[in-house]
Structure formats: structure tokens, C-alpha cells
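Data block below; observations after.
Just so you know, all these numbers are worked out from the coordinates, no wet-lab data involved. Please read all numbers here as calculations on a predicted model, not as lab measurements. Positions of Cβ are generated from backbone atoms using ideal geometry, with glycine treated the same way; all protein chains shown enter the neighbour counts.
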């Protein structure tokens with residue numbers, strides 16, 4: 001018996017994936033599973049290769065020899081989908097391109113997978129160069145280098161562009177402009193605002209919706225995820241459409257930078273009591289819905305109308321939203337307790353990493369202890385010593401970290417390497433799970449604004 005394809009699958013951590021675990025395709029037909037709560041471990045490996053397993057074997061060998069480089073690429077791709085934070089798209093793409101080149105260099109010269117990754121890295125780096133150049137020039141105009149945390153992150157990206165220049169046999173102006181702009185910035189004196197006034201904190205956003213977004217089903221920076229576990233984002237209004245009972249579904253669009261292009265949002269109506277699917281629709285499709293998506297600066301939203309089946313009351317349906325590019329397929333049913341764990345995980349990931357970025361930039365000026373207490377309280381009630389989600393911290397452990405005080409906590413979060421003798425929550429923002437350059441830039445721009 002012969003087969004036209006081969007499949008290799010493996011799980012090396014928990015049997016069931018954690019709430020934040022996701023897959024990222026690192027090479028054609030080859031995906032690695034990774035969880036930001038355990039950033040130094042590969043959670044699984046999946047590959048489908050037509051007949052020839054050599055590319056799979058090559059990647060497995062390289063992953064075993066240089067796990068940190070491969071896991072960093074997976075982390076960047078995963079955070080692109082998971083992080084509900086305003087990220088500079090060009091800076092994020094530039095860092096992904098650099099990481100793709102780094103993993104390509106772990107493969108044997110001449111291998112097809114290496115050549116594919118180099119082509120991808122060069123294409124992505126060139127596409128990101130205009131936006132990255134604008135950002136670097138914006139910093140040059142300020143007249144000083146940014147604080148050390150952002151300066152170091154940008155230096156790594158610029159070094160990656162220099163390395164990519166070595167892959168081309170002739171001058172490449174698209175890549176060279178980035179290294180030249182970095183050189184201009186590097187000649188300036190370093191600015192450092194550590195110890196300045198505390199960073200202003202934004203109040204949790206008020207919500208008047210009916211149903212909750214599932215962060216697993218919608219890519220980050222597409223819809224406006226609330227700042228609390230139970231802050232419903234999906235507004236559902238009963239109405240009649242073409243003489244039929246229906247519901248108008250409306251949800252706020254993400255208002256910051258770095259969102260995905262060409263979103264494809266689907267609606268699923270589910271009977272609350274039975275869990276049965278009773279309707280489908282689309283948001284933002286002109287040919288099928290009235291009053292489609294408005295993506296204006298001050299009041300951007302997606303909106304659509306979905307017909308109800310006969311005999312179904314609007315109050316008896318739950319609305320699920322799914323993006324066609326989401327990391328996981330939509331499950332047949334969503335358990336309320338599970339959904340709240342997922343939302344806790346997504347909200348914590350964004351808020352915690354934002355706090356770490358500001359602590360590395362501003363030190364005690366970020367007021368990390370108070371912010372961490374606020375975050376622990378926002379994640380909702382529950383047993384103090386129980387993990388907030390699979391692999392996550394407990395509220396008690398977060399309060400113990402906050403009890404260290406601003407100075408000790410800022411020093412812990414600003415450490416250059418994985419902290420020793422502490423819980424893994426701070427250690428998760430190191431190595432493959434280290435802050436993205438775009439995260440540090442976003443924290444810097446918030447303070448500048």
C-alpha cells in the first residue's frame with residue numbers, strides 16, 4: 001500500500017493544549033505548537049510532506065540543535081495572532097523576517113527549506129522596510145536615542161537587516177535604507193526618562209454588549225476586546241429584515257495600528273439551551289448585509305444582519321464571531337467557564353506584557369506594583385491559589401509579586417536574562433518569549449503621546 005503523503009505529529013508537553021497554545025507554520029507544511037506560559041519548550045510538532053520526508057527531518061534536527069531560534073520565530077507568529085495591543089505592523093513584520101532568516105541559517109546550505117525561508121525573509125523584510133524607515137526617522141527627528149530597552153530591540157532588528165544584506169549578491173536599496181537609518185539614530189545621545197512621572201493608566205472600557213468575544217476565534221487587533229473578563233463586546237438587537245425575524249449584530253473594530261488586512265468575519269447563532277447552531281451570517285459584506293462595516297477613526301465597527309429560524313426568540317440565541325484566519329477551528333460548542341479562562345489568559349497576556357515593557361523603559365515610573373494589583377483584581381473572582389487558566393499564574397501569586405514593591409518589581413522585570421529564584425510568570429518574558437520590538441515601541445509611544 002502506498003500513500004502520496006506522510007504525516008508526522010507529536011506533542012511534547014500537556015496532552016491537552018493550553019488556552020494560549022497555538023500552531024505556527026514555520027516552513028511549508030511544517031507547524032510547531034507553542035505556549036507563551038512555557039516559552040522555552042516546544043509543545044508539539046506537525047508536518048505533512050508529499051512523499052519526501054527529508055525537509056521534515058531537516059527541520060526536526062535543526063529544532064533539536066537550535067531550539068531557541070525556532071521557538072522565537074514561532075513566538076513572533078503566535079504573538080501576531082494573540083496580542084491585543086497596538087503594534088507597529090512594519091516593525092513586527094521586520095522582526096519576523098529577521099527571525100525567519102535566523103532559522104534558515106540553522107539548515108544546511110542548499111536545502112530547499114533553507115532557500116524558501118530566505119526568500120520569505122527577504123520579501124517580508126523589503127515589504128516592511130518603508131514603514132520601518134518612517135519609524136526610525138521619526139525617532140531621529142526627536143533628537144536622541146530612545147531608552148535602552150527600545151534601543152536594544154531596534155538594534156537587533158537593524159543587525160538582522162545587515163545579515164539579510166549578505167544573502168543578496170548585489171546592492172539592495174530596500175534593505176540598506178533601514179541599516180542607514182539605524183546608523184543615523186545610533187549616532188545620537190541616549191535619552192532615558194526612567195524615574196519620571198508615573199505612566200498614566202487608562203480606565204477599563206465600559207461595555208453595553210450582550211455576548212463575549214472568544215479570543216481564540218478572532219485574530220488580535222481586528223475587534224476591540226474588552227478590558228475585563230465579563231465585558232461583553234458583541235451587541236445584538238432584535239429586528240425584522242425582509243419581513244423575517246432577525247438580529248442585528250454589531251461589534252467595535254480595533255482602533256489601534258497593526259490590525260490584519262481584509263478581515264473575513266462570520267457570525268454563528270447558537271441556541272443557549274440546546275447548544276445547537278441555528279443560523280449563520282457575515283459581517284461587513286456589502287452584497288449580503290445592510291449598513292456594513294464602518295472603519296472610521298472615531299467610531300469604527302462591524303455590523304451585519306442574521307435571520308432567525310421560525311420559533312426562535314432573539315433572547316434565546318448566543319452570537320459567536322469567527323475570523324476565517326483564526327488559529328483554531330470554531331468548536332461545536334463553547335463552554336462559559338472555558339471561555340472565561342480563555343479571556344483571562346488573553347487579557348492577562350496583553351496587560352502583563354505591556355506592564356513589563358513599560359517597566360523596562362521607565363522603571364519605577366511605570367508603577368508596576370499597583371498596576372499588577374489592578375490586573376489581578378480585573379481578572380475576576382476565583383480561588384486565590386488556583387491557576388487562572390491552564391499553565392497560568394494564580395491571583396495570589398500575582399499579589400505576592402506586587403508585594404515586592406515598585407523598586408524590586410521593576411528591577412526584576414527589567415533584568416536582561418531569565419530571573420533566578422522566582423516564579424515563572426516574570427521568566428516567561430525572556431528567551432523565545434521576550435518582548436517584541438513592536439511591544440516596546442508601543443509602550444514608548446504611549447508615554448510619548
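Contact order, relative form, for the range 338-448: 30 percent (alpha carbon pairs under 8 Å, 6 or more residues apart, mean separation divided by residue count).
Listed from fewest to most Cβ neighbours within 10 Å, the set 439, 21 follows the order 21, 439. Oblate is the label for the range 6-186. Its Cα gyration tensor axes, ordered a ≥ b ≥ c, give a/c of at least 1.5 and b/c at or above a/b.
Go through 271-282, 98-109 and give me the packing order, highest mean Cβ count within 10 Å leading. Let's see the in-between values first.
Numbers: 271-282: 13.8, 98-109: 20.2.
Put in order of decreasing packing, that is 98-109, 271-282.
Can you tell me how the range 92-188 classifies by the Cα gyration tensor, rounded, prolate or oblate, using a/c under 1.5 as the rounded cut? Spell out each step's value before the answer.
Details: a/c = 2.49, a/b = 2.02, b/c = 1.24.
Prolate.
Applying the Kirkwood pairwise sum to the alpha-carbon positions of the range 338-448 produces a hydrodynamic radius of 14.2 angstrom. Applying 0.36 nm per residue to the separation of residue 337 and residue 68 and subtracting their alpha-carbon distance, the gain on full extension is 93.4 nm. Put in line by how crowded their Cβ is, counting other Cβ atoms within 10 Å and starting with the fewest, 122, 222 read 122, 222. Projecting label points 7 angstrom from Cα along Cα→Cβ for residue 241 and residue 378 puts them 3.3 nm apart.
How large is the translational diffusion coefficient of the range 51-136 in µm² per second when you combine the Kirkwood radius over alpha carbon pairs with Stokes-Einstein at 20 °C and 1.002 mPa s? My calculation gives 156 µm²/s for D.
With the simple spin-label model, which puts each label point 7 Å out from Cα in the Cβ direction, the residue 25 to residue 174 separation comes to 2.1 nm.
With r as the distance between the Cβ atoms of residue 271 and residue 61 and R0 = 41 Å, compute the FRET efficiency 1/(1 + (r/R0)^6) and round to 0.05. Could you put the intermediate results ahead of the total?
Working: r = 50 Å, r/R0 = 1.23.
According to the calculation, E is roughly 0.25.
Give, as ranges by residue number, the residues of the range 47-90 whose backbone N falls under 17 Å from the point 7 Å along Cα→Cβ of residue 163. Of the residues in the range 47-90, 62-77 have backbone N under 17 Å from the label point off residue 163.
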